[in-house]
Amino acid sequence: MSEREAPLLEFRDVDKAFDGKPVLSSMSLSVRRHERLFLVGTSGVGKSVAIRLLIGLLRVDAGELRFHGARIDELSEAALLPLRRKIGMVFQHSTLFDSMTVLDNVALPLRKHGGLGLAAARVAARERLAAVRMEQHAARMPAEISDGMRKRVAIARTLAMRPEVVLFDEPTTGLDPVSARHVDALIAELPATAGVTALVVSHDLISIRTVADRVALLYRGRIHALGTPAELAASPDPVVAQFLAGRSQGPMDTPGF
């Protein structure tokens, strides 16, 4: 097995329930190094739950989570801190500090967790902003830029600690089409420009079709289908077809993936 094909992240028979209601049931999935894997499914199926388990925001009820082959589901809160520097997350709502400039928002984790002084952190933050094409907005406040720009700043802030993996929770939701495609382009570039593996929760068919290396369809708590966008689009499986039909309504109308 090549290094690229070897699992970097693994869910092994993971169970998670809330108030006795199962959300994930024996879910298993492997994410390869430097790939862009999209986790898809209908609303409420547990996609966001799955990625929150990876950084300890939620805990598994049963099963295992592995990173570089080592178990991470049993780590203490203190042991999770260094893991969260290796596995970053961009949340659906790009929460930035309103009282800080774009530059200082990105510099903050470098100062707090990277041990850099203010000047050095700002130099590094400018590099991260340049990588997401936001350097010219460094001095602006979050309220002065668009939702799409704030998303790009949030990505820059996550990349500031040079993680190996970035988890994206619905990165294009709520964005206008142009901003959404800018975010798509950034995610598509990550393996080549930053050596990053991307695990993306999404229901945006354009993103899935144009950015994903592989797509995993979560259904009834398990991975029901897994393959390239083209493979899923050609699948005769009625569950896959129903998902595609249900997601191809309205303004994002797209034939298959």
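Observations on the structure shown:
- Residues in region 177-229 that are of a type in the set (S, T, N, Q) and surrounded by fewer than 18 Cβ atoms within 10 Å (Cβ to Cβ): Thr193, Thr210, Thr228.
- Checking each residue in region 133-152 for being over 15 Å from Leu186 (Cα atoms) and without any contact (Cβ under 8 Å) to a residue 12 or more places away in the chain picks out Gln136, Glu144.
- Annotation: Gly117 fulfils all but one of (1) loosely packed, with under 14 Cβ neighbours inside 10 Å; (2) in contact (Cβ under 8 Å) with a residue 12 or more places away in the chain; (3) of a type in the set (Gly, Ala, Ser); the unmet one is (2).
- Scan of region 105-124 for residues that are over 21 Å from Val166 (Cβ atoms) and among the charged types (D, E, K, R), ordered by number: Arg122
- Residues satisfying the stated conditions in region 197-219, i.e. at pLDDT below 95 and of a type in the set (A, V, I, L, M): Leu205, Ile206, Ile208
- The single condition from (1) closer than 23 Å to Gly46 by Cβ; (2) of a type outside the set (Lys, Arg); (3) more than 12 Å from the chain's Cα centre (by Cα); (4) surrounded by 18 or more Cβ atoms within 10 Å (Cβ to Cβ) that Gly174 fails is (4).
- Entirely in region 1-115, the strands (runs of 3 or more DSSP E) that have 3 or more residues that are over 18 Å from the mean Cα position of the chain (by Cα): 7-18, 21-32, 62-67
- Residues of region 122-145 classified as closer than 13 Å to Leu159 by Cα and buried (at least 16 other Cβ atoms within 10 Å of the Cβ), total: 7
The values are calculated or read from the model by the stated rules, or taken from the named source; none is laboratory data. The structure displayed is predicted, hence computed values, not measured ones. All Cβ positions, glycine included, derive from the backbone under ideal geometry; neighbour counts span all protein chains shown.
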